[in-house]
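Below is one structure, written out as structure tokens; comments come after it.
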Amino acid sequence: MQFIDTHIHLQDYKTRSAPQVLAAAAAAGVRRVVCAAIREADWADVAALHEQNADTVIPAFGLHPWYLDDCRPGWETRLAQMLEKYPRALVGEAGLDRLKNPQPLPQKEIFAAQADLARQYGRPLLIHAVKAQEWLEDLWDRLPPKFVFHSFNGKKELLQKIVKTGGYVSLAPSISGRPGKEDMIAAVPAGRLLWETDGPYQGEPEQLPGLLQYVAGIRKSEAAELAATVYRNSEEFINVGK
Ligand SMILES: [Zn+2]
């Protein structure tokens, strides 16, 4: 079975090197990974990981809401330059986190600017959203056609809205065994589902076969069939320009 890890931070591994992580991923059937930056200081590292592993590592450039203090004037122009230089790059990790920081500004502005760039350049957007449903209401119309709520564990109403708008949700190994999440896992339409690990934070690529079994069990679906569907979804999601 084949997998795509649609959200990993290869640049953040301390105990294993990126080649070790990628080798273990490949051995588990993980064909490609999307390597997400979290701050501007990461962008060059993520670009280098992509250049060293052009077939397997797809870059994503963005500003994570936890690290906006690092944000320097002119970042929008520099992000646009990265998107021009790397035509396969996604935008992210971007987002809104009201649990970490209850102040809406500058979070909402910086998120909206990244959403605008994703739309303008026709790139998918990787979204980190925690307790942010109200803020999202105002910004929903600015989302690009392709977006994913990463490590989704939100409410059914939000899931319905994402699905209705044509967005995706990705599940990470950290959801396994978490009580009370079964209904949400069963409610995601198969065509809207992606896998991720958020590695090294919420799992490792070699855990994706286990996550597949767990999710297939809850959904009462055949694992090979679910794996094939999610693989197709992932290819569709990351293929820029389609
Ligand atoms: Zn992440």
Per-region count, region 15-52, residues under 17 Å from Glu93 (Cα atoms) and among the β-branched types (Val, Ile, Thr): 4
Residue ID - farthest from Ala54 (Cα to Cα), chosen from residues in region 1-24 that are among the charged types (D, E, K, R) and more than 13 Å from the ligand (Cβ to nearest atom): Lys14
Where a residue in region 1-18 is among the charged types (D, E, K, R) and its partner, wherever it lies, is part of a loop (DSSP other than H, G, I, E, B), with Cβ under 7 Å and at least six apart: Asp5/Glu196; Asp5/Thr197; Asp12/Pro200
Filter pass, Ala47 being more than 16 Å from the ligand (Cβ to nearest atom) and either in contact (Cβ under 8 Å) with a residue 60 or more places away in the chain or open to solvent by 40 Å² or more (accessible area, probe 1.4 Å) (or both): no
Enumeration of residues in region 215-242 that are open to solvent by 60 Å² or more (accessible area, probe 1.4 Å) and more than 12 Å from Ile4 (Cβ to Cβ): Lys220, Glu222, Glu225, Gly241, Lys242
Criterion: more than 22 Å from Glu236 (Cβ to Cβ), within 16 Å of the ligand (Cβ to nearest atom) and either without any contact (Cβ under 8 Å) to a residue 60 or more places away in the chain or not acidic (Asp, Glu) (or both) - qualifying residue of Gly203, Gly177, Gly210: Gly203
Any chance Lys131 is among the charged types (D, E, K, R) and in contact with a helix residue (DSSP H, G or I) (Cβ under 9 Å, 6 or more places away or on another chain): no
Hey, Arg31 under 18 Å from His128 (Cα atoms) and open to solvent by 20 Å² or more (accessible area, probe 1.4 Å) or not: no
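The values are calculated or read from the model by the stated rules, or taken from the named source; none is laboratory data. Since we're looking at a predicted model, the values are computed, not measured. Reconstructed Cβ throughout: ideal geometry from the backbone, glycine too, with neighbour counts over all protein chains shown. With ligands, DNA and RNA removed, areas are computed over all heavy atoms of the protein, side chains included. Shrake-Rupley method; radii C 1.70, N 1.55, O 1.52, S 1.80 Å.
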